[in-house]
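**Student:** Next up is a structure, given as structure tokens.
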Amino acid sequence: MIIGAILIVVAAFAVAAVLVLTRGRDGRARTAVMQSGEGGVVDSAPPGLHPAEAGVLLRTRVATRYLVATIIDLTVRGCLSVQHEEDGSWTLRRTGSTPSQLETYERTMLKKLFPTVQGRRRRTTSTLQITSTKGGFGTVRQGIERRVDDLGFFRVPPSKGRHQMRLAGSIVGATGAVLIWPLSMVAGAGMLGVALVLAGLVIAASGPLMAARTPQGTEVRRQLEAFQEFLSAGDPGLIDWQHHPRAFSEYLPWTVIFGSQDQWVTLFQQLVDEGRLRPKTLWYLPSKETFWHREGPLAALSELVNELSTSILLADRHEEAIPDDGPLRW
């Protein structure tokens, strides 16, 4: 019986491996990565792609920082402004600008941040108020997933692939759990039921590996990885200032996606302190330098990113939503 149980588990591993190798492999990119910046670097994101969509393409799920990047991106594009109050809090204000090319999930994000209260659209909010957002941000996450599906980056939507494998694993595992007692009583083969439970766990655990990208998705992913290398280098000498005069604001949402926003704001704060640069950030009103705020106005934006991340997670948890990226700090 022990040999039979081992064979069942081994067979589950084999089935999962075959599925991953046959259905979970990315398609081959058709073209090479185009280098467009100074020194032969990729200094721009793929055209028509927004930060949150890029994040899902890279990581196959909607992490909370992708929602934060969407807020920062909408701010940079003029849909809202940010003010750092003297007490350390952050205020977000809706502007009168609404670009016609906003994606559906971006409009949903704006409605979440500035809901209609008693028939009037709210014009201001704060990171504290975001924690009590009605319904959380689940609809925004779903909208991002639908947009990525429409772009055709994956053969099967990642969330659908994970669901299918979890469902299959649950069926196999539940069948094994039900059979443990009958098999042990009738033939003393309860180990076979245990093996089926383990097999179900193996199948369910392989779900995240089933997100296979199409050739187009693989091509765009390679471009994004090259773009990430450019931003992670943190070298102002690589920036084509003629074509990217607002480089700090333009690239900030992307650094949030790549997790390098602290390095980015620190770099530009240093350039400002040295008198080498004065970036135009019309969307951002920093607080005055006080005993409590000595890090510099640009460096303080790292705090904004962290507070927005925490606020969104708390809003989702308040609505019994399950965050997909674990801890509050990343």
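**Student:** Is at least one residue of the stretch 270-280 open to solvent by less than 20 Å² (accessible area, probe 1.4 Å) and either modelled with pLDDT under 95 or within 23 Å of the chain's Cα centre (by Cα) (or both)?
**Tutor:** yes
**Student:** Do you know which residues across the stretch 105-164 are free of Cβ contacts under 8 Å to residues at least 40 places away in the same chain and part of a helix (DSSP H, G or I)?
**Tutor:** Residues satisfying the conditions are ARG107, THR108, LEU110, LYS111, LYS112, GLN129, THR139, GLN142, ASP149, ASP150, LYS160.
**Student:** Residues that are at pLDDT 85 or above and surrounded by fewer than 16 Cβ atoms within 10 Å (Cβ to Cβ): does the stretch 298-319 have at least one?
**Tutor:** Within the stretch 298-319 (the criterion being at pLDDT 85 or above and surrounded by fewer than 16 Cβ atoms within 10 Å (Cβ to Cβ)), the answer is yes, since at least one residue qualifies.
**Student:** With respect to the numbered conditions (1) in contact (Cβ under 8 Å) with a residue 60 or more places away in the chain; (2) farther than 20 Å from LEU314 by Cβ; (3) small (Gly, Ala, Ser), which one is the sole condition not fulfilled by GLY96?
**Tutor:** Tallying (1) in contact (Cβ under 8 Å) with a residue 60 or more places away in the chain; (2) farther than 20 Å from LEU314 by Cβ; (3) small (Gly, Ala, Ser), GLY96 fails exactly one: (1).
**Student:** Something else about it: Having 3 or more residues that are closer than 30 Å to ARG155 by Cβ is the bar; report the helices (runs of 4 or more DSSP H) wholly within the stretch 202-275 that clear it.
**Tutor:** Values: elements: 215-233, 247-258, 261-273.
Those helices (runs of 4 or more DSSP H) span 215-233, 247-258.
**Student:** Restrict the check to the stretch 25-45 and report whether at least one residue is basic (Lys, Arg), more than 19 Å from the chain's Cα centre (by Cα), open to solvent by 10 Å² or more (accessible area, probe 1.4 Å) and at pLDDT 85 or above.
**Tutor:** No, the stretch 25-45 contains no residue that is basic (Lys, Arg), more than 19 Å from the chain's Cα centre (by Cα), open to solvent by 10 Å² or more (accessible area, probe 1.4 Å) and at pLDDT 85 or above.
**Student:** Which residues, counting only those in the stretch 68-103, are open to solvent by 30 Å² or more (accessible area, probe 1.4 Å), hydroxyl-bearing (Ser, Thr, Tyr) and in contact with a strand residue (DSSP E or B) (Cβ under 7 Å, 6 or more places away or on another chain)?
**Tutor:** SER81, SER89, THR95
**Student:** Related question: Quickly run through the stretch 217-239 and pick out the residues that are within 19 Å of the chain's Cα centre (by Cα) and among the aromatic types (Phe, Trp, Tyr).
**Tutor:** Passing the criteria: only PHE227.
**Student:** Still on this structure, please answer the following. From the list GLY152, GLY161, GLY136, pick out the single residue that is on the phi > 0 side of the Ramachandran plot, under 21 Å from the mean Cα position of the chain (by Cα), surrounded by 16 or more Cβ atoms within 10 Å (Cβ to Cβ) and not hydroxyl-bearing (Ser, Thr, Tyr).
**Tutor:** Numbers: GLY152 fails: surrounded by 16 or more Cβ atoms within 10 Å (Cβ to Cβ); GLY161 fails: on the phi > 0 side of the Ramachandran plot.
GLY136 is the lone residue from the list that is on the phi > 0 side of the Ramachandran plot, under 21 Å from the mean Cα position of the chain (by Cα), surrounded by 16 or more Cβ atoms within 10 Å (Cβ to Cβ) and not hydroxyl-bearing (Ser, Thr, Tyr).
**Student:** I'd like the full set of residues that are closer than 17 Å to VAL305 by Cα and in contact with a Ser or Thr (Cβ under 6 Å, 6 or more places away or on another chain), limited to the stretch 66-79.
**Tutor:** Of everything in the stretch 66-79, those that are closer than 17 Å to VAL305 by Cα and in contact with a Ser or Thr (Cβ under 6 Å, 6 or more places away or on another chain) turn out to be VAL68, VAL76.
The values are calculated or read from the model by the stated rules, or taken from the named source; none is laboratory data. Just so it is clear, the model here is predicted, and its values are computed rather than measured. Glycine gets a Cβ as well: all are built from the backbone with ideal geometry, and neighbour counts include every protein chain shown. For the accessible areas, the whole protein counts, side chains as well, though only heavy atoms, and no ligand, DNA or RNA atoms are used. Shrake-Rupley method; radii C 1.70, N 1.55, O 1.52, S 1.80 Å.
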